[in-house]
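S.K.: Sharing a structure below in structure tokens format, with a few things to ask.
Please treat every number below as a calculation from the coordinates, not as lab data. Since the structure is predicted, the reported quantities are computational estimates derived from the model, not experimental observations. Positions of Cβ are generated from backbone atoms using ideal geometry, with glycine treated the same way; all protein chains shown enter the neighbour counts.
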Amino acid sequence: MTAFCDELDDRVPAVPIRDDIARLREDFLVLAAHEIRTPVTSLLLQLQLTKRMSEREPENTPAWAAAMLAVFDRQLGRLARLCDDMFQVRRAEPAQRAPARSPVDLVALVREVVAAAVAHRPVACGAIAVAAEGAVIGRWDRSQLERMAFHLIKNALTFGEGKPISIEVRATRARARLIVRDHGMGIAREDHERIFARFERAVPAERFGGLGLGLYIAHAAARAHGGAIRVESELGRGAVFIVDLPLAPRPLGRERAARAGRARPSRRGLARRPPELPLSAHLKLAHVKHAHHRAQRPH
């Protein structure tokens, strides 16, 4: 039997089992996201309607009902974001993540994401402080940056062990920088690169939930804008995630060629203008032409 298996192994080509497993996992997540999103969307709409009715008649809404609505809102929001992450498994691929750029204030965007995270964070999580000096405006994809900031803040809340979280946004002449710092459990040095890959986790799944997609989505968003993301951390000493984004997108080859074409008029159908000559050169040229015409006259 062993000899037969050895012979069969030589005949069968090697199959990248890890790649196949990852592909099957992606297909399953996308299918599951499609199936989950419809009921979640319906529940969210019903929840919003119920909240509006309770806000219009607060005297007829018991306190326990308002508390339950807040819980439903938080949990359904988590499900909706989970579905979105599952869809991003495919959308975050390099060929599909071209940003839809528009002017975005990174400071205002981060503050909005922080406010949403604070509203839905567990009670045991620490305070979040945002430090910035004025607006930091660039041409970025707002939805991609919102998703990136959300996952970085969510990561800090999850692994920050209830300690304060600090966020800093600043800019130089060429780039913007976002820094998210927690004081939690930290990340081992050997895991610094691995945590940005799909489905990769540096913690046991038994203790922490999630799909291992948050940092991958944040990394893909930074790379799509021509930026970079890295982590500085050690076990037991917290983690610092640093994102650098160009303030102005780098022009593509076609864009440069188009601008060059607009700058120079087309030669088709247009006479080429002669170079400008000084007056003395024009006089000499006229003298030469006159002499040439006299030489051509019959005597």
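S.K.: Along Cα→Cβ, 7 Å out, is where each label goes; now give me the distance between the ones at Leu47 and Ala129 in nm to one decimal.
M.R.: That separation, rounded to one decimal, is 3.2 nm.
S.K.: I've got another one for you. For the pair Ala98/Glu57, report the inter-label distance in nm, with labels modelled 7 Å from Cα in the Cβ direction.
M.R.: 5.2 nm
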